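The values are calculated or read from the model by the stated rules, or taken from the named source; none is laboratory data. Being a predicted model, the structure only gives us computed values, none of them experimental. No Cβ is skipped: glycine too gets one built from the backbone with ideal geometry, and neighbour counts run over all protein chains shown.
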Amino acid sequence: MIRSARPEDAEAVAPLLILGMGHIAGIFARSDNHADAIPFFREFFLHPANQYSYTNTLVFETEAGVIGSINGYDGALLPALRQPVLDKLREADPTFDPNDETGAGEFYLDCINVHSEHQGKGIGSQLINALCAHAGAQGHKRAGLIVDRVNPAARKLYERLGFEAVGEKDFMGHRYFHMVRNL
């Protein structure tokens, strides 16, 4: 079942965010061990008004618990939603200044995550379609995301879901395809 996330989902969602973030989680944790970023993501998930908040997240829940999550938001809100995250990261590195991966004119799908034991079962596709439907119901006309150029399987999945590459973006040391889908 897909539902809106709640604060009590933090323990399940924080490790899932690490799956979706990949190398970026290590940058945030300032560690080669991505799991070191779990407390960081747990903290931000619990608070509204940031890009990783439960208020911007849908979860996929089974009898076993939360096994997938997706978060997204109006791309025009990225500067405001990112600011609390930047403030925290700049405590350790005052020069930290990532490029924007989204902007006005699209509802941005930030982090799509499915527990490794449940991947390949269509859960990620269901989460993407649910968040796109949510965005469309809010009046958004387009959804966007970025996918690492070295992940062709993910790109093919997004293409099957109606996304198309419209350009490329540099973000956090990697080159990504910027993909969009009309809602």
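Some observations on this one:
- Look at the range 154-179: where a residue is on the phi > 0 side of the Ramachandran plot and a partner is among the hydrophobic types (A, V, I, L, M, F, W, C), sitting 6+ places away or on another chain with Cβ atoms under 8 Å, you get 167/177; 172/24; 172/27; 173/27.
- Within the range 89-106, the set of residues being assigned to a helix (DSSP H, G or I) and either of a type outside the set (Lys, Arg) or touching a Cys at 6+ places or on another chain (Cβ under 6 Å) (or both) comprises 89, 91, 92.
- Residue match in the range 151-161 (condition: closer than 25 Å to residue 2 by Cα, in a loop (DSSP other than H, G, I, E, B) and modelled with pLDDT under 95): no
- Restricting attention to the range 162-183, the residues being in a loop (DSSP other than H, G, I, E, B) and in contact with a helix residue (DSSP H, G or I) (Cβ under 6 Å, 6 or more places away or on another chain) number 2.
- Of 78, 86, all but one fail to be assigned to a helix (DSSP H, G or I) and touching a residue at least 24 places away in the same chain (Cβ under 8 Å); the exception is 78.
- Scanning the range 64-92 for residues that are touching a helix residue (DSSP H, G or I) at 6+ places or on another chain (Cβ under 7 Å) and loosely packed, with under 15 Cβ neighbours inside 10 Å yields a total of 1.
- Residue list for the range 135-150, restricted to those being outside any helix (DSSP H, G or I) and either loosely packed, with under 15 Cβ neighbours inside 10 Å or out of contact with any Lys or Arg (no Cβ under 9 Å at 6 or more places or on another chain) (or both): 138, 139, 140, 141, 149, 150
- All positions within the range 1-52 that are part of a loop (DSSP other than H, G, I, E, B) and of a type in the set (Asp, Glu): 32
- Residues that are modelled with pLDDT of 95 or more and not in a strand (DSSP E or B), drawn from the range 53-75: 53, 54, 55, 56, 63, 75
- Options 96, 107, 177, 171: the member that is modelled with pLDDT under 95 and under 16 Å from the mean Cα position of the chain (by Cα): 171
- Contacts under 6 angstrom Cβ, first residue in the range 3-27 being closer than 20 Å to residue 130 by Cβ, partner buried (at least 18 other Cβ atoms within 10 Å of the Cβ) and among the aliphatic types (A, V, I, L, M), 6 or more apart: 5/59; 9/59; 9/66; 12/66; 20/112
- Some residue of the range 117-134 being under 17 Å from the mean Cα position of the chain (by Cα), assigned to a helix (DSSP H, G or I), modelled with pLDDT under 95 and surrounded by fewer than 19 Cβ atoms within 10 Å (Cβ to Cβ): no
- Leading residue by the ranking (surrounded by the fewest Cβ atoms within 10 Å (Cβ to Cβ)) among those in the range 9-57 that are within 18 Å of residue 84 (Cβ to Cβ) and of a type in the set (Ser, Thr, Tyr): 55
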